[in-house]
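What follows is one structure encoded as structure tokens, with my remarks underneath.
Every read-out reported here was derived from the displayed coordinates using simple, explicitly stated rules and does not represent laboratory data. Treat the numbers as computed from the prediction; the structure is a model and nothing was measured. Glycine gets a Cβ as well: all are built from the backbone with ideal geometry, and neighbour counts include every protein chain shown.
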């Protein structure tokens, strides 16, 4: 019981940090989104390598490099997460935090869609209803708001595909060595880009601002490690419920702090996606309760 409470604390800390990310990335207004992503990838790798040394996990990293299939899978995951990072940072920097929040609300639906199309998984009735509400929210946004919410869709699609790739990788890689490989796959490109900016005089990494860019690696890795610690201690139902804290936090930051507009079409879209979230959460709770009852009766 105590272990579960500790796990819940880790999970809450991770998702609260993710929910407050817009406030952090607003600090990088003088840089372009690509430059921030390049620093984020490079410094995340360096931070992971330091932690691997401190925690003595280099053996697991070597094991990943010995498995070519796993190494390739994690490299693909790295490319996908960079697309996700870049889109998210661009959204925050261009005052579209609410679109980013919508994308992460849609994300569980995107993951479910990947399961249906690629893994041939079957959905339960409540899950189908959630998918329908999620699709309706996008249609309402397009028709009522006058444009396709491409930031939301890109975030949902990139992280949904990332989740699929990680699923295919299975539990073969721990959170820290896995993140090291993912960031390592894109770090050479990031280093070349940063070097190009420096050589052409376009780099914004000067003075104390450089230290701020370095912190992107720490801020990236810490919530992922907290999440990994939580996932080992709490049930999947708890993890499923916690995942909605991040977009709720992002929505509140975008609406209440950044004062981004909320026209009727956007409210309608959010209400529909919140209905989808409620249906999805209800299905998780109902399925969990049924499994608990079945396990109790089987004793």
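Taken over segment 37-128, the percentage of Cα pairs per 10 Å bin, counting from 0 up to the bin with the maximum distance, is 13, 28, 31, 24, 3.
For the chain, taking Cα atoms only, Rg and Dmax work out to 19.9, 70 Å respectively. Short-range pairs are left out: with C-alpha atoms under 8 Å and at least six residues apart, the relative contact order of segment 2-298 is 42 percent.
For the peptides 88-99, 110-121, 268-279, 36-47, the ranking by mean Cβ contacts within 10 Å, running from highest to lowest, is 36-47, 88-99, 268-279, 110-121. Counting neighbouring beta carbons within 10 Å and listing from fewest to most, the residues 209, 15 come out as 209, 15.
Helical runs assigned H by DSSP (4 residues or longer) give the chain a calculated mean residue ellipticity at 222 nm of -27500 deg cm²/dmol, each run adding -39500 (n - 2.57) before division by the residue total. Taking other Cβ atoms within 10 Å as a rough exposure proxy, 128, 18 sort from fewest to most as 128, 18.
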